[in-house]
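My structure is below; once you've seen it, I'll send some questions.
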Amino acid sequence: GRTFDVVDIDPAVIRAAREDFVADVKGATFHVGDGRRFLRREETWDACLLDVVSTEVMPVHLSTVEFLRELKARLAHGVHQDDAVRGEPGGRVLDSFGETMRAVFSNVVGYTAHETDETTNVVWLASDGSLELPELVDWAYRERVYACGDRGIELTDDFNPVNEWNADIGLKLRRELHERFGRAVFEVR
């Protein structure tokens, strides 16, 4: 009985999602377009899962205070998950995402996903309501709570330098993927 709106700016991603991932899921509607523009529809959703980080860059217009306010206005229950924001452990990118989310939502928690000495991926949950996780999930993630430092700023439509701050990390990750998978992974079909 659930419905899902799946939005991506790349038609190839929508095609892959439709064919490879959720072909049997009833209630999924697919949309090609920009996520922020999609939010401007006169609809509400119970929750939003945002996963827009690529190897090198992220769409900065989907990581600002203004965007999060637009998103919050469309959430019936106010739960938002921002998946796998990447940055230097304890660095200004991850701290800034925490600051930006806390500027809009009263409850924000980040969980480390993949950690190395050079990069950390953080899955953020944000809501004005409770963020209590089911006991099994809470037990698995309790030790992975990301503690923000004081190096962050609120990211805005007018100033969001996260791609510049993460340029070295993005280049390194792209080179690693290129070595592992070859040029084919980066070619447009």
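Considering each residue of region 58-89, count those that are open to solvent by less than 40 Å² (accessible area, probe 1.4 Å) and not polar (S, T, N, Q), and give that number.
15
Of the residues Arg180, Arg142, Arg175, Arg151, which single one is modelled with pLDDT under 75 and of a type in the set (D, E, K, R)?
Arg142
State which residue is surrounded by the fewest Cβ atoms within 10 Å (Cβ to Cβ) when the search covers only region 141-163 and only residues that are of a type in the set (Ser, Thr, Tyr) and touching a strand residue (DSSP E or B) at 6+ places or on another chain (Cβ under 6 Å).
Among residues in region 141-163 that are of a type in the set (Ser, Thr, Tyr) and touching a strand residue (DSSP E or B) at 6+ places or on another chain (Cβ under 6 Å), the one surrounded by the fewest Cβ atoms within 10 Å (Cβ to Cβ) is Tyr141.
If we scan region 37-45, do we find a residue that is closer than 23 Å to Val122 by Cα and open to solvent by 60 Å² or more (accessible area, probe 1.4 Å)?
no
Residue-wise test of (1) loosely packed, with under 15 Cβ neighbours inside 10 Å; (2) aromatic (Phe, Trp, Tyr); (3) touching a residue at least 60 places away in the same chain (Cβ under 8 Å).
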residue	(1), (2), (3)
Val7	no, no, no
Ala16	yes, no, no
Lys26	yes, no, no
Phe30	no, yes, no
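Within region 100-119, work out how many residues are in a helix (DSSP H, G or I) and either open to solvent by 60 Å² or more (accessible area, probe 1.4 Å) or among the hydrophobic types (A, V, I, L, M, F, W, C) (or both).
So the count comes out to 2.
The values are calculated or read from the model by the stated rules, or taken from the named source; none is laboratory data. Predicted model, so just to flag it, every value in this text is computed and none were measured. In this analysis, Cβ positions are derived from the backbone assuming ideal geometry, glycine residues included, and neighbour counts consider all displayed protein chains. Remember, those area values only see protein heavy atoms, side chains included, never the ligands or the DNA or RNA. Shrake-Rupley method; radii C 1.70, N 1.55, O 1.52, S 1.80 Å.
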